[in-house]
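In what follows, a structure is listed as structure tokens, so that the remarks can point back to it.
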Amino acid sequence: MGLAMRRSMDFGPLGDVEQLMQYEGISMAPISTGDASMSVGGVTVLPTAKMSDIEDGSMAGLIIPGGAPDSAAEEKVANMITTARANGMTVLAFGEGVAQAARAMDIDPATLADAPGAVIDSEGATPLMTREQLSLVAQTLG
């Protein structure tokens, strides 16, 4: 799955999403939203995928973590989200990324306001409240 690289990436109360995804057999490929690389928790993250991977449908989905506001990157993230959905991909969003994904898909962010995560797919937007729910979604993607 593609992972939108955002400053101060955060998955909030759902914790280490990457570990859960790996357990379900899903790897995450970082996609730059501006900077060529970034440091997360003292670890340098380099992009291994590109927007073209979303455009050609070669990914199972897209992950939008929460992150620090960055007006230059917000438009790129919104474009990633709409392109992923146009190609039938599932979008998983976490923290502040939930509201951003909702806005990009013309969904009222208030409907997901209390959710630490959300899945946006062909059935609409569904809140993710627990790691167990996230695990079930990951199983369908793997």
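How many nm is it between the label spots at residue 126 and residue 75, if each spot is 7 Å from the Cα in line with the beta carbon?
So the two model labels end up 3.4 nm from each other.
Provide the percentage of antiparallel DSSP beta bridges, counting only those with both residues in the chain; round to the nearest 5. Could the numbers behind the result be given before it?
Working: 13 of 23 bridges.
Once the DSSP bridges in the chain are tallied, antiparallel ones form about 55 percent.
Treating the beta-carbon of each Lys and Arg as +1 and of each Asp and Glu as -1, no other charges, what is the dipole magnitude of the chain about its Cα centre, to the nearest 20 debye?
180
Restricting to DSSP loop positions (anything but H, G, I, E, B) with no more than 14 other Cβ atoms inside 10 Å of their own Cβ, which GluC sites (Glu not before Pro) remain in segment 77-142?
Values: sites: 96, 123, 132; in loops: 123.
Qualifying residues, ordered by number: 123.
Fewest first, what order do 58, 32, 71, 52 take by the number of other Cβ atoms within 10 Å?
Ordered by Cβ neighbours within 10 Å, fewest first: 71, 52, 58, 32.
Quick one: which residues, 5+ away or cross-chain, put their amide H under 5 Å from the amide H of residue 7? H built at 1.01 Å from N.
Here 68 satisfy the definition.
If you take volume of the Cα convex hull per residue in Å³ from the coordinates, which of (i) 97; (ii) 114; (iii) 130 do you get?
Recomputing volume of the Cα convex hull per residue in Å³ here picks out (i).
For a footprinting-style exposure proxy, rank 6, 103, 131, 85 by other Cβ within 10 Å, fewest first.
On the way: 6 26, 103 14, 131 17, 85 20.
So the ranking, lowest neighbour count to highest, is 103, 131, 85, 6.
Coordinate-derived values only; no laboratory data. Because the structure is a prediction, the values reported are computed rather than measured. Cβ sites come from the backbone with ideal geometry, for glycine too, and all protein chains shown count toward neighbours.
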